[in-house]
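The values are calculated or read from the model by the stated rules, or taken from the named source; none is laboratory data. All of these numbers come straight from a predicted model, not from anything done at the bench. Positions of Cβ are generated from backbone atoms using ideal geometry, with glycine treated the same way; all protein chains shown enter the neighbour counts.
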Amino acid sequence: MTERTVAVNYVARVEGEGALRVRIEQQRVREVELRIFEPPRFFEAFLRGRAYTEAPDITARICGICPVAYQMSAAHALERIAGIEVSGTVRALRRLLYAGEWIESHALHIYLLHLPDFLGFPDAVHLAERHPEIVKQGLELKRAGNQVMETLGGRAIHPINVRIGGFYRCPTSEEMRTLRSPLERALAQAEATARFVATLTFPQVQEDYQFVALRHPEEYPMNQGRVVSSSGLDLPVERFEEAFQEQQVPWSNALQSRSKEGGTYLVGPLARFALNRDRLTPRAAELAKELKVPSPVLNPFQAILVRALEVVVACEEALRIVRDYREPSEPFVPAPTPFPGGVGQAATEAPRGLLYHRYEVGQDGLIREAKIVPPTAQNQARIEEDVRHLVERSVEAEDAQLQDACERAIRNHDPCISCATHFLRLDLQRN
Amino acid sequence: MTERGPASGTLPPHAPPTAEAVVIGLGNPYRSDDGVGPEVLARLREEGGDLARWVTCSDETTELLQLWEGAALAVVIDAVLSGSAPGTVHRLVEGEDPIPPEGRAGSTHAVALPEVIGLGRALGQMPRRLVVYGIEAASFDTGKGLSAAVREQVPLVVHQVLSELRESRGGSTGAHGPRETVHA
């Protein structure tokens, strides 16, 4: 036998569903294909002809785990067309909402999806049976994120309070005060989480990533910044498409992104951390130092540690905003009438990485064209490289072991296949 | 969830009926038949008044633990793929009927329902009684709207859930539908 195929028909604990096919010939890896199945352009088509004011709520439906990211990228892009800028307290509230989503999404991934890999359990249920206290802590941490989303977004899952220019209603000072103690507790739990995951045993792997993330003059990036890369790129967001392009590959419905030079790149926690370590909040910076987190982190398995540090960032930022809060006089900046129309782009940092939106809107306020580049579509080609390197290193392994290892390699990047499009299944072919 | 009851999860001894039962419609209305849970829930909300708390949940299924913890009765309505004819209604009582691992091919949820039930058991965060209504889906294609086979079953599921809630409240109207699998 000189050729074999290893198939993972469903990659468990990956949001959505997808498949991976790896073909090995003469002990050499010939093909690695990460397949993503959902018709990817559905939402872009669905947005055409809709009022620009509807985009934040419609795009929020693309993903149940990161609706805020979609709302924020949509709102910022459309505000650029409207010529309005959100500042002061309303801007801070947006950052608070985003922090809530980071806490929720990262806690879910760290505790329920990723941790079982490191502790030798097949899934979170087995982990919960043996170590209920660990899973309870994760769920409690996640709940603090939910509470922020409820207070600001109107509800935890698909927040309905975001609009172009700000919010429909801003929380009262009283409502914001109720977030303080859960967030203080969450910060302590987040620090404990980082210390705990730092003790895990990580497979010794180094990848040579090209990182891409936003960078803001003062903040760890969420809502705004320039697009920067580890190879020296530094562009305003409106020039994103000059540097990165999407291409169709036959095995996936998601478009794969590459830099204009043809290289793969990585967005997400590892990229943000590598390009913004000097923007960490004080306690996160101290923890990174205390835990001797390398700069940059090139071991994809250590993404769990970087996510934990980002939960600390999100909790610190959320607490700062809650403490400083004074109810603003207006919850939003109104858009000018008549609506000017035009083209607008924006990128924000979804939990899984940079999320780019571009809209073309007519003077009638109707969307003519929408383009959405989700983080998982950008990471897809780079995840395939991680898998290829892993299989090359462990080509002698039994199929079952190899399948398991491939799944882990994919989960490191927390792909959200239901936003990139959908789903995953794994197919390892050997001959 | 804005509809959530007391955060402690333990109900006061003489809780009103609204705090006793929770009905959850699970699914994504933009994925054809996956939207059957929210669709049934919308009808129940109109017809069921204060019989239960009515909640929809689209992806973040670990929320279920909080939503149902401590409730006397939780009813979850979800689309399923089991190989039965589209529109088949499965009624599963947790602890009495085996709840099979969800066919991942049809799941759009980050943590599948059987896994959430497993977590609830392991963490002691379960309702006193959990009933799952699974409606066999024909399609999970992107787009709004249920297939004909699934849409036809919506009134039956609404009727059954209402009977279930009235019975649990102690005032059965005798209009309970079939207890086990109902074929379309």
Query - the range A:64-88: number of residues that are away from chain B (no Cβ under 14 Å), in a helix (DSSP H, G or I) and of a type in the set (A, V, I, L, M) - result: 7
Report task. Say whether the condition of being within 14 Å of another protein chain (Cβ to nearest Cβ), buried (at least 16 other Cβ atoms within 10 Å of the Cβ), part of a helix (DSSP H, G or I) and not hydroxyl-bearing (Ser, Thr, Tyr) is met by at least one residue in the range A:179-188. Result -> yes
Requested in this report: Output the residue which, of all residues in the range B:113-132 that are under 17 Å from residue B:23 (Cβ atoms) and of a type outside the set (Val, Ile, Thr), is surrounded by the fewest Cβ atoms within 10 Å (Cβ to Cβ).
Outcome: B:128
Report summary line: Conditions (1) closer than 20 Å to residue B:126 by Cβ; (2) outside any strand (DSSP E or B); (3) more than 14 Å from chain A (Cβ to nearest Cβ) -> residue B:77 fails only (2)
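Would you point out which residue out of A:21, A:41, A:48, A:61 is surrounded by fewer than 24 Cβ atoms within 10 Å (Cβ to Cβ), away from chain B (no Cβ under 14 Å) and modelled with pLDDT under 90?
Sole residue among the options that is surrounded by fewer than 24 Cβ atoms within 10 Å (Cβ to Cβ), away from chain B (no Cβ under 14 Å) and modelled with pLDDT under 90: A:21.
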Query raised in the report: Does at least one position in the range A:172-187 carry a residue that is at pLDDT below 95 and β-branched (Val, Ile, Thr)?
Result: yes
Report summary line: Checked the range B:118-173 for anything charged (D, E, K, R), part of a helix (DSSP H, G or I) and away from every other protein chain (no Cβ under 14 Å); matches are B:151, B:152, B:164, B:166, B:167
Query raised in the report: Of the conditions (1) farther than 30 Å from residue A:384 by Cβ; (2) basic (Lys, Arg); (3) part of a helix (DSSP H, G or I); (4) touching a residue at least 40 places away in the same chain (Cβ under 8 Å), residue A:320 fails just one. Which one is it?
Result: (4)
Report task. Identify the residue in the range A:329-354 that is out of contact with any helix residue (DSSP H, G or I) (no Cβ under 7 Å at 6 or more places or on another chain) and hydroxyl-bearing (Ser, Thr, Tyr) and, among all such residues, is farthest from residue A:376 (Cα to Cα). Result -> A:329
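Does residue A:363 meet the test of being over 23 Å from the mean Cα position of the chain (by Cα) and modelled with pLDDT of 90 or more?
yes
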Report summary line: Expected output for the range A:39-59 (first residue over 14 Å from residue A:361 (Cα atoms), partner of a type in the set (Ser, Thr, Tyr) and at pLDDT 85 or above, Cβ below 6 Å, 6+ apart or cross-chain) is A:59/A:70
Requested in this report: Would you be able to say whether some residue in the range A:252-259 is without any contact (Cβ under 8 Å) to a residue 40 or more places away in the chain and farther than 21 Å from residue A:94 by Cβ?
Outcome: no
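For every residue, the table says whether it meets (1) farther than 22 Å from residue B:60 by Cβ; (2) touching a Leu at 6+ places or on another chain (Cβ under 6 Å).
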{"position": "A:152", "(1), (2)": "no, yes"}
{"position": "A:170", "(1), (2)": "yes, no"}
{"position": "A:176", "(1), (2)": "yes, no"}
{"position": "A:180", "(1), (2)": "yes, no"}
{"position": "A:206", "(1), (2)": "yes, yes"}
Requested in this report: Could you check, for the range A:323-334, whether at least one of its residues is surrounded by 20 or more Cβ atoms within 10 Å (Cβ to Cβ) and under 26 Å from residue A:186 (Cβ atoms)?
Outcome: yes
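Are there any helices (runs of 4 or more DSSP H) wholly within the range A:89-174 with 2 or more residues that are more than 9 Å from chain B (Cβ to nearest Cβ), and if so which?
Output list reads A:115-119, A:132-153.
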**Report entry** Flag if residue B:61 is within 14 Å of chain A (Cβ to nearest Cβ), in contact with a Pro (Cβ under 7 Å, 6 or more places away or on another chain) and outside any helix (DSSP H, G or I)
**Finding:** no
